[in-house]
Amino acid sequence: MAGVRTAWRAIDDGEFFCTGCGGDRSYQLLAGRRRLTVLGVPVLPRGPADPVVACASCHGHFPVVDLEQPTTTRLSALLRDAVHTIALALLAGGGGDRIVARRAAVASVRETGFADCTEERLLTLQAALWAGGRPALDREAREVLVALAPHLALPGRHSLLLHGARIALADGAYRPSEREILGAIGVSLRLQPAETDRLLTEAAAASGA
């Protein structure tokens, strides 16, 4: 009987999020060449096969595009960086001179895993970023959020925006500069302006600001 067999060889390896296992796993990136077989014996080449990602645990083969999905470890780090950057942006937007806003920023950052975060550390990092000018700080926040947004469901993106809203509202109503920053955060998180406005209005009403 005739058939086609693919001979695979590993060309790369690493760690990825395996949708078959539902967690982070080791993988090999495989390239293959197809051959026509007769009675199980390869006789004619049939050209290259599309590369696949092979999970070392479940041995499933997955499309290469799956490597674009961050591992859970990487996603956790991106989330921590996002909250950290949002806190810095809001402090730079006017909250850094009020102790209640600084404390809200520290609490928000600690919730994501930076247990050793302090007001002093936040303000020192803010000052370092601010040395490059406001655009440098805004660019930092935008880059972090744009990288993360495609991997978050809508509730996750809402949650990040509301982290910023809580910091801005800690010392009273939104300042114009804070409202501008939160609007930019919404855009970076792929939220519609009307959706961002609604969330920020609801947050302000809930806080009594």
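For this structure, a couple of remarks:
- The stretch 1-52, residues that are part of a strand (DSSP E or B), among the β-branched types (Val, Ile, Thr) and modelled with pLDDT of 85 or more: ILE11, VAL52
- Residue within the stretch 113-120 that is at pLDDT below 90, surrounded by 15 or more Cβ atoms within 10 Å (Cβ to Cβ) and not in a helix (DSSP H, G or I) present: yes
- Some residue of the stretch 147-163 being surrounded by 14 or more Cβ atoms within 10 Å (Cβ to Cβ), in contact with a Ser or Thr (Cβ under 9 Å, 6 or more places away or on another chain) and at pLDDT below 90: no
- Residues being touching a residue at least 12 places away in the same chain (Cβ under 8 Å), assigned to a loop (DSSP other than H, G, I, E, B) and more than 19 Å from the chain's Cα centre (by Cα) - total across the stretch 158-209: 7
- Residues of the stretch 72-112 satisfying the condition of being of a type in the set (S, T, N, Q) and open to solvent by 20 Å² or more (accessible area, probe 1.4 Å): THR72, THR73, SER76, THR112
The values are calculated or read from the model by the stated rules, or taken from the named source; none is laboratory data. Keep in mind it's a predicted model, so treat the numbers as computed, not measured. Note: ideal-geometry Cβ built from the backbone for every residue, glycine included; neighbour counts use all protein chains shown. Just the protein is used for accessible areas: all its heavy atoms, side chains included, with ligands, DNA and RNA removed. Shrake-Rupley method; radii C 1.70, N 1.55, O 1.52, S 1.80 Å.
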